[in-house]
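Written below as structure tokens is the structure these notes are about.
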Amino acid sequence: MTQKSADLVAKELLSLTDNDVEAAIRALRNAVVKKSKIRVPVNSPVVVEVKEIKKSYKTGSTHVEALKGVDLQVKQGEFVALTGTSGSGKSTLLQLIGGLDKPSSGSVLINGQDISKFSDRKLSKFRNKTIGFVFQFFYLQPFLTLATNVEVPAMFARIKPNNRHDRSVSTIDAVGLSDRITHLPRELSGGQLQRAAIARALMNNPKILLADEPTGNLDSNNAVAIFDMFEKIRSDYGTTVIVVTHDTSLASRADRIVQLSDGVLV
């Protein structure tokens, strides 16, 4: 905000009542905060790099080229939105970055390591330690409480029960669900379910958070709240965040928008 615009706002405030002034100041502060973006230092290291990535597969007798040679770099602490129409290749690219699939050709480097060459066992261990996943569908176990659902990644990481419970409680508190810790998924709203999924993704303190259409099943208010949370995660922990979304207004909140069309960057 410029000094001139700030002065104009101050003059407007002088004509208001005390209660109105307090409300206006809160609204102004929120507007400024929402418009501000963290500047990723120019010298920040590259944590995600894909080189000439191609991915093709067969659907029946049809040969599909999902990605046709994509190059992309993402720096530490950067918030990137992947956008594009259905079938553009954005979700495929996210899955390759997360090691959920392997490219037909090209390299996927995470912190300089080419994960496309990892064995399945090594890749599984690497994912659990380095990457957190959030999906459009929450994939919470219906018979487990919120606390136990969030603990699941720590179980695979063989963290001791007491330690993982303590971490689960603190992570759940961080996403604002401490009053739902003993609830089952069916007792949570859509927004709460996605917050729970984010807590689970953060359980092992990942360096990279990947989210595939995380707001696709949410109303606009909850969608905005989820993106607020992504911004806070990046701000508080320095986590690199890459989100696939078709919502242009939400995508505009990222540091950078990467658009795909027919398997290539545009």
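Coordinate-derived values only; no laboratory data. Predicted, not measured: the structure shown is a model, and the values here were computed from it. Methodologically, a virtual Cβ is constructed for each residue, glycine included, from the backbone with ideal geometry; neighbour enumeration extends over all protein chains shown.
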**Request:** Report ³J(HN,Hα) in whole Hz for each residue of the stretch 95-103, in order, from the Karplus equation J = 6.51 cos²θ - 1.76 cosθ + 1.60 where θ = phi - 60°; Gly and Pro get x.
**Result:** 5, 5, 4, x, x, 7, 8, 10, x
**Asked** Spin-label point model (7 Å from Cα, Cβ direction): what's the A225 to T59 distance in nm?
**Response** 3.5
**Fill in**
Violations at 29 Å Cα threshold for listed pairs K75/K160; K117/K232; K122/K232; K125/K232; K90/K125 -> K75/K160; K117/K232; K122/K232
**Complete:** Most packed first (mean Cβ within 10 Å per residue), the peptides 126-138, 249-261 order as 126-138, 249-261
